[in-house]
1. Summing +1 for each Lys or Arg and -1 for each Asp or Glu, what net charge is found among the other residues whose Cβ lies under 12 Å from the Cβ of ILE83?
2. Using Cα pairs closer than 8 Å and at least 6 residues apart in sequence, work out the relative contact order for the chain, in percent.
3. Divide by every residue of the chain the summed helix terms, -39500 (n - 2.57) for each DSSP H run of at least 4, and state the resulting mean residue ellipticity at 222 nm, rounded to the nearest 500 deg cm²/dmol.
4. Just order 100-109, 42-51 by mean Cβ neighbour count inside 10 Å, highest at the front, would you?
5. So how do 19-26, 82-89 stack up, highest first, on mean other-Cβ count within 10 Å?
6. Considering every pair of different Cα atoms, what Kirkwood radius, in Å, is found for segment 28-110?
7. Quote to one decimal, in nm, the extra length available between SER89 and THR76 on full extension: 0.36 nm per residue of separation minus the C-alpha distance between them.
8. Assigning unit charges at the beta carbon (Lys, Arg +1; Asp, Glu -1) and nothing else, what dipole magnitude in debye, to the nearest 20, does the chain show about its Cα centre?
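Values in this text are rule-based calculations from the coordinates and carry no lab data. Keep in mind that what you see is a predicted model, and the values were worked out from it rather than measured. Backbone-built Cβ (ideal geometry, glycine too); neighbour counts: all protein chains shown.
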Amino acid sequence: MSKDIKVKENDSLKLTIKRHPFRGILATILAVVSIVMFFAACIFSGVNGGHAAFFVGIMGFVSLIISAIGAFLAWTALRESDIYYVFPSIGGILNALLVVFYIVVYIWGFYL
């Protein structure tokens with residue numbers, strides 16, 4: 001009686017020195033903070049009947065700065081070697097989109 005024995009190959013275990021870069025994680029956190037600040041500014045403006053221009057403007061400008069810093073951090077994290085690209089990619093895409101979004105909102109606000 002012949003039995004087929006399956007031998008597990010050593011390729012199933014992969015050891016690596018890759019790591020999640022701190023700057024990538026921080027960039028993703030900054031993107032989330034910027035999104036939360038945007039929604040907080042929208043809610044604050046709505047509660048005040050649209051008469052919270054200075055506070056909401058400052059909050060939006062700070063969100064723009066936070067997103068720009070997050071995009072820079074993600075860009076520098078992507079240039080590191082032996083890393084996982086998950087957090088730098090998510091942070092970079094979110095922050096870049098947020099920077100473009102905030103600039104469009106500011107331009108739209110100047111011409112209305």
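1. It works out to a net charge of +2.
2. Relative contact order for the chain comes out at 37 percent.
3. Roughly -24500 deg cm²/dmol at 222 nm, from the helical runs in the chain.
4. Numbers: 100-109: 12.8, 42-51: 11.1.
Descending packing order for the listed peptides: 100-109, 42-51.
5. 19-26, 82-89
6. Evaluated on segment 28-110, it is 13.3 Å.
7. On the way: separation 13, 0.36 × 13 = 4.68 nm, distance 1.10 nm.
Contour length minus Cα-Cα distance gives 3.6 nm.
8. Dipole of the chain, to the nearest 20 debye: 280 debye.
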